[in-house]
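Here the structure is laid out as structure tokens; the discussion comes afterwards.
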Amino acid sequence: MSEIGERISRVKEEIEEARSHSITGEPVELIAVTKTHDVKTIREAIVAGATDIGENKVQELRGKIEEIGPEVRYHMIGNLQSNKVKYIYQDVVLIHSLDRKSLAKEIEKRAQQTNDIVRCLLEVNIGRESSKGGLLFEEVLPFLESILDYSHIKIDGLMTVAPAVDDENYLRALFRKMFALKEDIALRNYKDVDMKYLSMGMSNDFPIAIEEGANMVRIGSRIFGARTY
Ligand SMILES: *Cc1c(COP(=O)(O)O)cnc(C)c1O
């Protein structure tokens, strides 16, 4: 097995271990985050069983879609500028980073023109970090209600990037808040809102995120090694 294959297997074991005592027990989807890595490396990951890849920059994502094609699913996980929506909205299974009205308007406009439904997660800035995108916790419901009549956008859940800290109790509390918010929204039974996914957990924190209810994790460096830029 390739080195990348071995790392993917190891990560999958750790995912399964965390899932076995998670709050929901649900299966967890793994997104291999391939940003900065070349197509050859990504192909190795695909051979080793990666089915979903995540990228945070439109141009890089677009290039990889062109080269690799439809044999994997693509996720847009990074901050998305409205003027770049047109390059990717038809080729990604999920946009994880919907966090503002201007972006929702642009997605709705494009998707209406081509008669598509675009699936999105609402990004939440759960650590209230000024350096990060995402809605603040208390902004999530009002924002969601403000886009409910956007009939070409379907909200499939929530996403967060937790603060890069080692304090496990703090991280656990933040992940727990995300899970509670997801459950709260689910109970409201909004039309075209399906709180199916809770996308949280990266290389450094995914076991904790899964224990607290994540069912989609985005993992880069644990699979591909440290990024050099
Ligand atoms: C880079 C990135 C990841 C993966 O980070 P690692 O620490 O390398 O696992 C996950 N989510 C987002 C939004 C990212 O930009």
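Lysines near Lys84 by alpha-carbon distance under 24 Å, same-chain residues fewer than 8 away left out - which ones? Filter leaves Lys35, Lys57, Lys64, Lys101, Lys105, Lys109, Lys132, Lys154.
Listed highest first by mean packing, meaning other Cβ atoms within 10 Å per residue, what order do 187-197, 49-59 come in?
Per-residue mean Cβ counts within 10 Å order the peptides as 49-59, 187-197.
The alpha carbon centroids of the range 146-161 and the range 7-21 are separated by 29 Å. With the cut-off at 21 Å, report for the range 147-229 the share of all Cα pairs above it, as a whole percent. Tail fraction, whole percent: 37.
Would you calculate, for the chain, the mean residue ellipticity at 222 nm contributed by helices, counting each DSSP H stretch of 4 or more residues as -39,500 (n - 2.57) and dividing by all residues, to the nearest 500? So the helix-based figure for the chain works out to -12000 deg cm²/dmol. Between the alpha-carbon centres of the range 169-191 and the range 78-141 there is a gap of 19 Å. Hydrodynamic estimate: the Kirkwood radius of the chain over Cα pairs, inserted into Stokes-Einstein at 25 °C and 0.890 mPa s, corresponds to D of 138 µm²/s.
From most to least packed by mean Cβ count within 10 Å, the peptides 82-95, 11-24 give 82-95, 11-24.
In the chain, the portion of solvent-accessible area held by carbon and sulfur atoms comes to 48 percent [1.4 Å probe, whole percent, DNA, RNA and ligands not counted].
Where does each of 201-208, 104-111 land if you order them by average Cβ count within 10 Å, highest first?
Averaged packing, sorted descending, gives the order 201-208, 104-111.
Using the 1.4 Å probe convention, the accessible area of the chain works out to 48 Å² per residue with neighbouring protein chains retained. Taking each pair of different alpha-carbon atoms in the range 32-90 once, compute 1/r for the pair, average those values, and report the inverse of that mean as the Kirkwood hydrodynamic radius in Å to one decimal. The Cα-based Kirkwood calculation yields 11.6 Å.
The values are calculated or read from the model by the stated rules, or taken from the named source; none is laboratory data. Keep in mind the model is a prediction, meaning the values are calculated, not measured. Neighbour counts run over all protein chains shown; Cβ positions are idealised from the backbone, glycine included. These accessible areas exclude ligands, DNA and RNA; they are computed on the full protein's heavy atoms, side chains included. Shrake-Rupley method; radii C 1.70, N 1.55, O 1.52, S 1.80 Å.
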